[in-house]
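Presented below is the structure to which this report refers.
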Protein chains: 4
Amino acid sequence: MIRFDSDYIEGCIPEILEALQCTNEEQTQGYGIDPHCEHARALIKETIGREDADVHFLVGGTQANITVIDSILKHYQGAVCAESGHINVHETGALEATGHKCLTLPTKDGTITASQVEQLIEDHYNGESVEHTVQPGIVYISFPTESGTLYSKKQLTDLYAVCQKYDIPLFIDGARLGYGLMARTNDVTIQDIANLCDVFYIGGTKVGALFGEAVVITNDKYKKDFRYNIKQRGGMLAKGRMLGIQFEELFTNNRYFTIAKHAIDLSDKLTNALQEKGYAFYFPAMTNQIFPILSNVKMKELAQNFAFESWGKVDDTHTAVRFVISFMTKEEAVDGLISQL
Amino acid sequence: MIRFDSDYIEGCIPEILEALQCTNEEQTQGYGIDPHCEHARALIKETIGREDADVHFLVGGTQANITVIDSILKHYQGAVCAESGHINVHETGALEATGHKCLTLPTKDGTITASQVEQLIEDHYNGESVEHTVQPGIVYISFPTESGTLYSKKQLTDLYAVCQKYDIPLFIDGARLGYGLMARTNDVTIQDIANLCDVFYIGGTKVGALFGEAVVITNDKYKKDFRYNIKQRGGMLAKGRMLGIQFEELFTNNRYFTIAKHAIDLSDKLTNALQEKGYAFYFPAMTNQIFPILSNVKMKELAQNFAFESWGKVDDTHTAVRFVISFMTKEEAVDGLISQL
Amino acid sequence: MIRFDSDYIEGCIPEILEALQCTNEEQTQGYGIDPHCEHARALIKETIGREDADVHFLVGGTQANITVIDSILKHYQGAVCAESGHINVHETGALEATGHKCLTLPTKDGTITASQVEQLIEDHYNGESVEHTVQPGIVYISFPTESGTLYSKKQLTDLYAVCQKYDIPLFIDGARLGYGLMARTNDVTIQDIANLCDVFYIGGTKVGALFGEAVVITNDKYKKDFRYNIKQRGGMLAKGRMLGIQFEELFTNNRYFTIAKHAIDLSDKLTNALQEKGYAFYFPAMTNQIFPILSNVKMKELAQNFAFESWGKVDDTHTAVRFVISFMTKEEAVDGLISQL
Amino acid sequence: MIRFDSDYIEGCIPEILEALQCTNEEQTQGYGIDPHCEHARALIKETIGREDADVHFLVGGTQANITVIDSILKHYQGAVCAESGHINVHETGALEATGHKCLTLPTKDGTITASQVEQLIEDHYNGESVEHTVQPGIVYISFPTESGTLYSKKQLTDLYAVCQKYDIPLFIDGARLGYGLMARTNDVTIQDIANLCDVFYIGGTKVGALFGEAVVITNDKYKKDFRYNIKQRGGMLAKGRMLGIQFEELFTNNRYFTIAKHAIDLSDKLTNALQEKGYAFYFPAMTNQIFPILSNVKMKELAQNFAFESWGKVDDTHTAVRFVISFMTKEEAVDGLISQL
């Protein structure tokens, strides 16, 4: 069985394991205040070109999402997001459990537009009995989206302009940021990301690390007391340096980008093969998540040798599925899959 | 600088690093449903002698505490605990953030008694306007306590009897469980722990692992849907096998107990030295946290070479401090400290 | 200016004011444990034909909704409801503020169907990674709906059958219950309501009282400790007898139904007039909320003499509006409105 | 049976009933935006001498407390209060249910001091791992306290100075404000109250109204969007004018103070009688709550004719009890009680 069901099915880049070995006997303070975390912070700030940013390391994505959003929202505010947004559909209501509603916008490909967001905000403030409805307090998007698609620089710029117009922060979930940045059709740099939002996170779990997400706060307004939030939401790792060490390794020698590029190259190879063989796609194939539409017969056949997720019924005889390529996926594995398409 | 400020300042036992290396390229399902987690669960259930238990792996202690307690309590119930209980004083109100009050009991040494708990429950139900006050819904204790002390088997048995009498579950925070079990004065076995409460957790972070706590649910009533809670509270690690692998190594060849014994032996050595030199103790020295009372002069002197926490002012010239010995503490380090006392 | 913008713009039935006068100097216990509340409970239980029910008096609708739902749901569960459900759109995220997500179903007329609910439940349990999504834990409907429409007895029976099949409680928001029961097209009795759900409430605020909603719990499973929830959610009125006195008056001499009938008769008169004049309706006109579609010109014209809500743009020259008739609306007012249509 | 068990056992001042009668057929907008609420706001602002204040009407005290505190605190902050504070002991954890911890201070008479508060704040910020503990975010006091005692103007001034020094708001729970202001030993005016805190509320429920508390926000920082909070916490009365009408009547012709004075006069009469007869007091008798210590024999004897609360065991043969006098208490009732002491 070769697995294409997600990008968190393997371990990490070998340099991380080596670094854990080398540093194992070091004694450092806990909770993210140690030389490795400090060094990793410096590397990230240099990479994104924002010396003024605050960088915090959290263990996982759901935790990063609720800790950031909850730290920003007032009790009566909600998070504007795509109806397919991770916070809305795949976090067991973790955001609602902190007291906040998802204010969802319809989407076909996982993205939301500047004008959708502006309309939602205008509708809220122009409504009757405005205080009977949840006030939009943050805009949440994923880059790449949960559908594997991307925002162009123009789209992101427009979206952020609306957010700034209404003084509502923009938060970018970058659980798969590396794969988005290295995509062939992408025109957004990591510096753009840092400059076109108020908070974002750089996903480690799905891009090279054992676990860990680096939350980057660029807007001063949201920096104060963030560590209280991390601790309260259960995200403050005692041996915090585990996170620092991992991001040190990822942001040394450009590794974060190199390994993401590897996944993108294989994803493109798979996409090209699917296109050549005439498969249609459920979402446009842009990053490391590929959503072809298979006949149910073919799907069952492939399932004998490959693990992948069924994503949605297309018609009585066809189903959209998801193949995910990771930083550790081997070319032979992709070739094996292609040969059976 | 040699650090005695906590038991999470170093890495992990070498076997864990080796196992991470060996398994790095394996492909497994995420979220704790993989052969390593399954194997670790089996090892733990065998060790505690409870095949019927449910075992879940969470990343950290605060997370484990709120996930367990919140999953059990109704909205109007609170957690009975010592006023020094970790959930009450060192988790940034994480429990309150899930909506629940700590119902605190006074304590001198970190323990609470069966009769204190019974009195609190009786007072609640005998009060006027009972529904104007928070209903006791769970009893939380730590073994060992935050003051490094222990419950005897008799004390634990009595406490659990009260809990059962009133049908209120007992939850044991075992962040430092290993050190408690291996303490010289301890008469409680890990099987006793499993049989004298409804839920407990076996701390990995402070006892040999990089991170990770194994939550063990022995009472059927609290097993249902626990994974939803883990996910909602941000504690479901994507590469869940990282936790399984660590607990596999800890519960192979009795390692969890051997490494804890090492820390206890060094703790006893330190305690004996302190006693011989005539130091008084703030709390009885039982486990791997030692709380001697130092003159402020001596405290400053030691602080030049050793990291440790100041725990509380005793009088104008004396302060209680905390030395913590871990599974990785070297005998030379303890000898060095002793030589300067 | 004559107001048709809601059914809470006037005071109460005169009998309530008289009763408040007569009882003003009585001394009674607080918090809903007094002879008036007891008597009102008895009257309600007799009316609904369920001596086994628990009846609690709360101040308002949002409070009743969150207190009931929150008391039933586990932390990781959500409330299934129409996307137009009051809890989803007009309570400022009050339910989310207690930690729970609304699991919304599309609707055209404000109702949801048994098969929609069954599909949602099936989809949840058949999904991959079931615990990554919010578990359906209660079904919430309004009778009449927020769109002024009704469930037939058949629809309600089917819906409740699905709920019982999956052991998920059905909760009926009866903020305007009286108007629904007295509607011409209605085939549901108040006894049916009591027998076809687990919890419901009888709205007083919009049907004759100054304020107050009577929550009726018919399923034993949800009765325990409900008063703790009322107190915790801020809904336990100190001078609780104010609520008892009001429901005593409403449920004496059939008044609750008589006054609702008055509103329905006037609503029908208005509906007939609108139909005769050729107006289209945004939602089917069934109860005391009428949603005709007006030209924008006519809407502005009417707005000079009448208060009513604009409900939604239909096209560039037409808007749906809402006229609400209450138990206190005068026939002259309706005649005045009709004359200007 | 004559009741002295609380000050919410009767109805309201007759002027309120008359006003409800006179206004019953008026049509007004809902939710507190109507001429009666506006007028009541104007009267209150004039009375307290703060035209710049925002005044909101809520139904009850617990609701007022959580709505105010929750609207001000960030998620990781708690409310500093006396261990006997109403929010800490008599609201079923309503505050914790909004996510916030009570940070309690010991007290003998229900008051807390400026130096206690300063110490708590200093201890927090000087602690190790500051973000592992709940940050003090608001100071909550009651005037009069739950023990019937008062802050002097000097004490209040000192307390507010500490709050301002650390930029932490002071919130005064005035559920029984009138009785405090009219107490013989009191040197604080309602204008002082308004100037020596950031938010307070004027209790109506216990001082003349059927129900209702007027929340007064004097600090601009806490005014924004407060109505969202009221709605979300279930406190926005649909027929909001009921609250406006009541406060109109209370703040016309000085009634609020006159009726409180009546209660205080009777309380003083009772206090003097108790003193003359040699009874000791559990708390100093200052306002309308009197806490004498009775022999258990006497307590049982009195309980045959009078309702009152037992407040705490003093020794095996004596108990502290509470007698409460209200704005409606009759002099004969007090005389009757005195005659049996």
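Given labels modelled 7 Å from the Cα in the Cβ direction, how far is it in nm from D:Asn296 to C:Arg184? Rounded to a tenth, the inter-label distance reads 7.1 nm. The slack in the chain from D:Asn126 to D:His90, taken as 0.36 nm per residue of separation less the alpha-carbon distance, amounts to 9.8 nm. Protection proxy ranking for A:80-88, D:116-124, A:188-196, using the average of other Cβ atoms within 10 Å per residue and placing the highest first: A:80-88, A:188-196, D:116-124.
For B:Arg3, the residues 5 or more places off, or on other chains, whose built amide H falls under 5 Å of its own are B:Ala307. Projecting 7 Å from Cα along the Cα-to-Cβ direction, the label point of B:Ala303 sits 5.6, 6.5, 7.0 nm from its equivalents in the other copies, listed shortest first. The Cβ shell under 13 Å around D:Gly60 holds other residues with a net charge of +2, Lys and Arg each +1, Asp and Glu each -1.
I'd like the carbon and sulfur percentage of the solvent accessible area for the range D:14-250, probe radius 1.4 Å, heavy atoms only, ligands and nucleic acids excluded.
Working: 3490 of 7040 Å².
Reported share for carbon and sulfur atoms: 49 percent.
Provide the net charge surrounding D:Ile217, with neighbours chosen by a C-beta distance below 12 Å and charges set as Lys +1, Arg +1, Asp -1, Glu -1. Net charge around D:Ile217: +2.
Would you mind checking the range B:260-282 for residues with the amide N under 15 Å from a putative spin-label position 7 Å along Cα→C-beta of B:Val314? B:271-282, by backbone N distance to the label point. Between chain D and chain C, the total buried accessible area stands at approximately 4100 Å², from heavy atoms with a 1.4 Å probe. Averaged over the residues of peptide A:98-104, the number of Cβ atoms from other protein chains lying within 10 Å of each residue's Cβ is 6. On the rotation that sends chain D to chain A, the chain D Cβ lying closest to the axis gives residue and distance in whole Å as D:Gly99, 3. Once a ≥ b ≥ c are taken as the square roots of the eigenvalues of the Cα gyration tensor of the range A:14-250, is the result rounded (a/c under 1.5), prolate (a/b larger than b/c) or oblate (a/b not larger than b/c)? Prolate is the answer for the range A:14-250, as a/c is 1.5 or above and a/b outweighs b/c.
Note on B:Asn24/D:Glu83: beta-carbon distance plugged into 1/(1 + (r/R0)^6) with R0 of 51 Å gives a FRET efficiency of 0.45. Applying a DSSP loop filter and a limit of 14 other Cβ atoms within 10 Å to the GluC sites (Glu not before Pro) in the range B:1-73 leaves B:Glu25, B:Glu51.
I'd like the accessible area for B:Ser339: 1.4 Å probe, protein heavy atoms, all chains in place, Å² to the nearest 10. Estimated to the nearest 10 Å², B:Ser339 gives 90 Å².
What are the semi-axes of the equivalent ellipsoid for the range B:48-151, taken as the square roots of 5 times the Cα gyration tensor eigenvalues, largest first, in whole Å?
Numbers: eigenvalues 103, 61, 44 Å².
Semi-axis lengths for the range B:48-151 are 23, 18, 15 Å.
Counting, for every residue in D:130-140, the Cβ atoms of other protein chains within 10 Å of its Cβ and taking the mean gives 5. Placing a label point 7 Å from Cα along the Cα-to-Cβ axis, A:Gln21 is separated from the same position in the other copies by 0.3, 9.2, 9.2 nm, shortest listed first. With a Förster radius of 22 Å applied to the beta-carbon distance between C:Lys221 and B:Gln164, the computed FRET efficiency rounds to 0.45. Counting only DSSP beta bridges whose two residues both lie in chain D, roughly 55 percent are antiparallel.
Can you give the net charge of the other residues whose Cβ lies under 10 Å from the Cβ of B:Glu118, counting K and R as +1 and D and E as -1?
Surrounding charge for B:Glu118 is -2.
Over chain D, average the accessible area per residue using a 1.4 Å probe and give it in Å², no decimals. That works out to 33 Å² for each residue. Can you classify the protein assembly as shown as rounded, prolate or oblate using the Cα gyration tensor, where a ≥ b ≥ c are the square roots of its eigenvalues, rounded means a/c under 1.5, and otherwise it's prolate if a/b beats b/c and oblate if not? In terms of gyration-tensor shape, oblate. What average number of partner chain Cβ atoms lie no more than 10 Å from the Cβ of the residues making up C:60-66? Across C:60-66, the average partner-chain Cβ count within 10 Å equals 4. Less than 5 angstrom separates the built amide H of B:Ala82 from those of B:Leu105, all sequence-distant by 5 or more or on a different chain. Could you work out [θ]222 nm for chain C from helices alone, using -39500 (n - 2.57) per DSSP H run of at least four and dividing by all its residues? Round to the nearest 500 deg cm²/dmol. Result for chain C, helices only: -11500 deg cm²/dmol. At most 15 other Cβ atoms within 10 Å and a DSSP loop assignment: could you name the trypsin sites (Lys or Arg not before Pro) in the range C:235-341 that fit? Answer by residue number: C:Lys277, C:Lys330.
Across identical copies of the chain, B:Lys224 has label-point separations of 1.2, 4.5, 4.5 nm, listed in ascending order, with the point defined 7 angstrom from Cα along Cα→Cβ. Per-residue 3J(HN,Hα) values for the range C:202-217, derived from phi via the Karplus relation 6.51 cos²θ - 1.76 cosθ + 1.60 with θ = phi - 60°, read 9, x, x, 3, 8, 10, x, 9, 6, 5, x, 10, 9, 7, 10, 9 Hz in sequence order (x marks Gly and Pro). Taking amide H as placed 1.01 Å from N in the peptide plane, the amide H of D:Phe283 sits under 5 Å from that of D:Phe291, each at least 5 places away or on another chain. With a Förster radius of 56 Å applied to the beta-carbon distance between C:Thr258 and D:Ala307, the computed FRET efficiency rounds to 0.90.
The values are calculated or read from the model by the stated rules, or taken from the named source; none is laboratory data. In this text the structure is predicted, and so the values were computed from the model without any measurement. Here the Cβ is made from the backbone with ideal geometry for all residues, glycine too, and neighbour counts use every protein chain on show. Only protein heavy atoms, including side chains, enter the accessible area calculation; ligands, DNA and RNA are left aside. Shrake-Rupley method; radii C 1.70, N 1.55, O 1.52, S 1.80 Å.
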